[in-house]
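What follows is calculated from the coordinates using simple rules that are stated; it is not laboratory data. Predicted model only: the values in this text are computed from it and were never measured. Note that each Cβ is placed from the backbone with ideal geometry, even for glycine, and that neighbours are counted across all protein chains shown.
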Amino acid sequence: MIEFKCANCKARLVAPPEYVGKVAKCKNCGEKVEVPIPSTASRHPQEQSPALAPRKSNGISHSAAELRKMMPPEVFDILAVGEMPENIAKALFDWGMYTYGLGQHTTGCIDEIKYDGHIVVLDDGTRWEVDDGDTHISDLWSPGDRVVIVDDEMFRLDELEKVNVQED
C-alpha cells in the first residue's frame, strides 16, 4: 500500500499500488488528490518488498534473486545481475518496480455492453466508448469477459481481441 497525505487537509491516506497516478478523493475533506509514486519510505513497514533486505540466496543477493524471477534469462545474464553488489541490484529492482507503477492500465470484467457495442461498462463502473469502426467486435463480447485497457486499447483477454476506446 502507498501512504501519502492529502494536499488540502493533510489527512493520512492509503492506496494500493495500482492507483499510482490516478485521482482519488480524500475521505476526510473530499478534495481530489493524485496518488503519488511510492517511495521506499512511504510503504508500510510490514508491506516493504523482501528485496530490500540484504540477504543472500544461492550465492546471489536477494535483490538479484528477485530480478531473476522478473527478467528474461538472457537479459539477466547480459547485465550480469547475479554479480552485482546488493546496493546496485536493489537500485535496479527499485527502478523496475517504479517503472512498472508508471503503467496506466485498467483491468476488470465487462458488466454491460450498450448501444450495439458502442459503450462497454466494466464492473468497477467505468464506461468506455468504443470507436465506430470497432463496434462490430465489442458487440459480440459478453458480460463477465475479462479485459485490460492499455493506451486507449481494450483487449479481451479470452480471445485476444482488441478495440480502440476512450473513457466515457
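Key figures
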| read-out | value |
| --- | --- |
| Peptide ranges 133-141, 7-15 listed from the most packed, as the mean C-beta count within 10 angstrom indicates | 133-141, 7-15 |
| Estimated distance in nm for a label pair at Lys27 and Leu79, the labels positioned 7 Å out from Cα along Cα-to-Cβ | 3.6 |
| Difference of contour (0.36 nm per residue) and Cα-Cα distance, Arg146 to Glu167 | 5.9 nm |
| Contour minus Cα-Cα distance for Cys9 and Thr126 (0.36 nm per residue) | 39.3 nm |
